[in-house]
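Quick notes on the structure that follows.
The values are calculated or read from the model by the stated rules, or taken from the named source; none is laboratory data. Note that this is a predicted model, so its numbers are computed, not measured. Heads up, the Cβs are rebuilt from the backbone with ideal geometry, glycines too, and the neighbour counts pull from every protein chain shown.
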Amino acid sequence: MIEVRWHGRGGQGVWTASNLLAMAALMEGKYVQSFPTFGPERMGAPIMAFTRISDEPIELHCGVYEPDIVVVLDPTLLGPSIVKGLKSNGTIIANFSKKLDELYKILGISKEEYKVYAVNATEIAVKILKRGITNTAMLGALVKATGIVKLDSVFEAIKKRFPSPIAERNIEVVKVTYESTKGD
């Protein structure tokens, strides 16, 4: 089983990204769970969402405490707390516009501990969507970094979730982010 923890802010589509990943995995015949954790938060407040993907039925019904992968949609949330619980040699994928060396410093980790990938998802989203909503951008980065699902499955999930003109722009965001994601 692979467990993903998503970090973002209310209104950025954190749970939508988790759901799209789950939909894509479901299309590939996997078992999935997707759920958020938030209370009375409002637009802009930090939230998390979680995705579980497995070849076998998932019998866990609790939060994700030791994810394999952490995805950060909002760079203002980056810091050592993002790494909390991440499995040894886990993967971090961040919306980050600077060099990877700076990201390691911000997270307080070394290259030997985790795999780290970054992309300027905000810039890509603003250019294509005309809005800084980075959920589908980070989904593209996640697929590039991990191969967790096929890109075609992501495209199909997006087409099922959004009406045609919006879906096409989000597919373009995924493609551009997939090509732009860099990692060590």
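In the stretch 117-144, which residues are surrounded by fewer than 23 Cβ atoms within 10 Å (Cβ to Cβ), closer than 17 Å to His7 by Cβ and among the hydrophobic types (A, V, I, L, M, F, W, C)?
Ile133
Yes/no matrix, rows are residues, columns are (1) surrounded by fewer than 15 Cβ atoms within 10 Å (Cβ to Cβ); (2) touching a Lys or Arg at 6+ places or on another chain (Cβ under 9 Å); (3) among the β-branched types (Val, Ile, Thr); (4) not in a loop (DSSP other than H, G, I, E, B):
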site	(1), (2), (3), (4)
Thr51	no, yes, yes, yes
Cys62	yes, no, no, no
Val71	no, yes, yes, yes
Thr76	yes, yes, yes, yes
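What is the number of the single condition among (1) touching a helix residue (DSSP H, G or I) at 6+ places or on another chain (Cβ under 8 Å); (2) over 21 Å from Gln12 (Cα atoms); (3) at pLDDT 95 or above; (4) of a type in the set (S, T, N, Q) that Asn170 does not meet?
Unmet for Asn170, out of (1) touching a helix residue (DSSP H, G or I) at 6+ places or on another chain (Cβ under 8 Å); (2) over 21 Å from Gln12 (Cα atoms); (3) at pLDDT 95 or above; (4) of a type in the set (S, T, N, Q): (2).
Working only within the stretch 126-143, note down all residues that are farther than 25 Å from Asp68 by Cβ and assigned to a helix (DSSP H, G or I).
Correct list: Val126, Lys127, Ile128, Leu129.
Considering only residues that are more than 15 Å from Asn19 (Cα to Cα) and among the polar types (S, T, N, Q), look in the stretch 145-184 and name the one that is farthest from the chain's Cα centre (by Cα).
Across the stretch 145-184, the extreme among qualifying residues is Ser164.
Just to be sure, is Ser18 part of a loop (DSSP other than H, G, I, E, B) and either within 12 Å of the chain's Cα centre (by Cα) or small (Gly, Ala, Ser) (or both)? Walk me through it before giving the result.
On the way: part of a loop (DSSP other than H, G, I, E, B): no; either within 12 Å of the chain's Cα centre (by Cα) or small (Gly, Ala, Ser) (or both): yes.
Criteria not met by Ser18.
Answer yes or no: is there a residue in the stretch 28-45 that is within 14 Å of the chain's Cα centre (by Cα) and outside any strand (DSSP E or B). Please lay out each step first, then the result.
Quick first cut of the stretch 28-45, residues within 14 Å of the chain's Cα centre (by Cα) only: 34-36.
Going one step further and asking which of them are outside any strand (DSSP E or B), we end up with none.
No.
I want to confirm something. Restricting to the stretch 80-116 and keeping residues that are closer than 23 Å to Ala17 by Cα and of a type in the set (Gly, Ala, Ser), which single residue is surrounded by the fewest Cβ atoms within 10 Å (Cβ to Cβ)?
In this case the residue turns out to be Ser81.
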